[in-house]
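What follows is one structure encoded as structure tokens, with my remarks underneath.
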Amino acid sequence: MLYPFLFVLAASFSSGSEVSRGMVGIIPKGFNVDSYRAVFQYKYIWEGYRNTLLYTTAGTSINLAFTMAGAYPLSRKQFYGRGVFTFIIAVTMFFSGGLIPTYLVMKSYKLLNTFWVMVIPGAINTWNMIIMRTFFQNIPNELEEAAVIDGCSDIGVLFRVILPLSTASIMTIGMFYAVGHWNSWFNAFIYLRDQSRYPIQLWLRLIVLQNQINDITLIASQGAVDQSAERLVSDTIKYAVIIVAAAPILCVYPFIQKYFVKGTMIGSVKG
């Protein structure tokens, strides 16, 4: 699991000639930071970072708000018809409208090539909502009854009792949503036409898979004398872009990891 990442990291700090000859393992050869210098001078990388941060922050907030709003009533025994609603919601895990109908829906609501097309579709992940619902069900009913006796409404019970006791579940589900938004590129590929709105992952795809790195290669090569020299530089740039795109979420993950096992296991198995 670690070797591919360590290889990419080492290659990003190595010279293009060493990478092309297959001399790089997990230790950089011909250490240099020219690729990173070129990546950070490429304006679209910074625009992609900005867009991804906005999409991730807004999208995760919307996801958690809608997921909690759906999970709470479905977890309450007094909610009439909760079994029917749960079944209807669960059906969406197995059937969907498909890409073309979804595209037509986005078009009819005039969401194409807008900020909202990246955060509104998929506002609720059914699997995550079911996990959170099960977590809420495991909170003792006596706490809710005590809050009701003290005068709390359903909203008051949610915010004063349920959510404070559900930190592990919220952090876990929130991390799932955040990673999903950070790694998302397909919606941008389908719905966005303005490059200034592209997320970092779509730029990563364009650079690594479609080799659209002419401008960034010129920055790094600084007037390379032939095409082979530019190609050697472009190889290391691809690795550098991968590291730049993955680094933020890798830095956040260790701080959330402690919630994962507790949040997922309690929410997956009903006691």
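Summary table
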read-out	value
Residue identified as among the β-branched types (Val, Ile, Thr), buried (at least 17 other Cβ atoms within 10 Å of the Cβ), in contact (Cβ under 8 Å) with a residue 12 or more places away in the chain and over 30 Å from Phe189 (Cα atoms) among Thr56, Thr134	Thr134
Residue pairs meeting the criteria (Cβ under 8 Å; at least 6 apart or on separate chains; first closer than 12 Å to Ile242 by Cα and in a helix (DSSP H, G or I), in region 5-16; second open to solvent by 20 Å² or more (accessible area, probe 1.4 Å) and among the aromatic types (Phe, Trp, Tyr))	Val8/Tyr239; Leu9/Tyr239; Ala11/Tyr239; Ser12/Tyr36; Ser12/Tyr239
Test: Ala69 is modelled with pLDDT of 90 or more and exposed (fewer than 15 other Cβ atoms within 10 Å of the Cβ)	yes
Lone unmet requirement of (1) under 19 Å from the mean Cα position of the chain (by Cα); (2) touching a residue at least 40 places away in the same chain (Cβ under 8 Å) for Tyr72	(1)
Residues that are of a type in the set (S, T, N, Q) and modelled with pLDDT of 90 or more, drawn from region 88-105	Thr102
Residue tally, condition surrounded by 13 or more Cβ atoms within 10 Å (Cβ to Cβ) and either polar (S, T, N, Q) or not in a helix (DSSP H, G or I) (or both), over region 160-178	3
Residue match in region 176-183 (condition: under 20 Å from the mean Cα position of the chain (by Cα) and either more than 27 Å from Val241 (Cα to Cα) or among the small types (Gly, Ala, Ser) (or both))	yes
Criterion (touching a helix residue (DSSP H, G or I) at 6+ places or on another chain (Cβ under 7 Å), within 19 Å of Ile62 (Cα to Cα) and at pLDDT 90 or above) met by exactly one of Thr114, Thr126	Thr126
Residues satisfying the stated conditions in region 185-217, i.e. modelled with pLDDT under 80, in a helix (DSSP H, G or I) and within 15 Å of Tyr239 (Cβ to Cβ)	Ile207, Val208, Ile216, Thr217
Scope region 26-53; condition open to solvent by 30 Å² or more (accessible area, probe 1.4 Å) and either within 17 Å of the chain's Cα centre (by Cα) or acidic (Asp, Glu) (or both); matching residues	Asp34, Glu47, Tyr49, Arg50, Leu53
Residue count, region 83-116 (criterion: free of Cβ contacts under 8 Å to residues at least 24 places away in the same chain, over 19 Å from Phe189 (Cβ atoms) and surrounded by fewer than 12 Cβ atoms within 10 Å (Cβ to Cβ))	9
Residues located in region 64-86, provided they are part of a helix (DSSP H, G or I) and within 15 Å of Gln137 (Cα to Cα)	Thr67, Met68, Ala69, Gly70, Ala71, Tyr72, Pro73, Leu74, Ser75, Arg82, Gly83, Thr86
Odd one out for Tyr80, checked against (1) modelled with pLDDT of 85 or more; (2) under 20 Å from Tyr177 (Cα atoms); (3) surrounded by fewer than 15 Cβ atoms within 10 Å (Cβ to Cβ)	(2)
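The values are calculated or read from the model by the stated rules, or taken from the named source; none is laboratory data. In this text the structure is predicted, and so the values were computed from the model without any measurement. Every residue, glycine among them, receives a Cβ derived from its backbone with ideal geometry; neighbour counts consider all protein chains shown. Heads up: the accessible areas ignore ligands, DNA and RNA and are worked out on the full protein's heavy atoms, side chains in. Shrake-Rupley method; radii C 1.70, N 1.55, O 1.52, S 1.80 Å.
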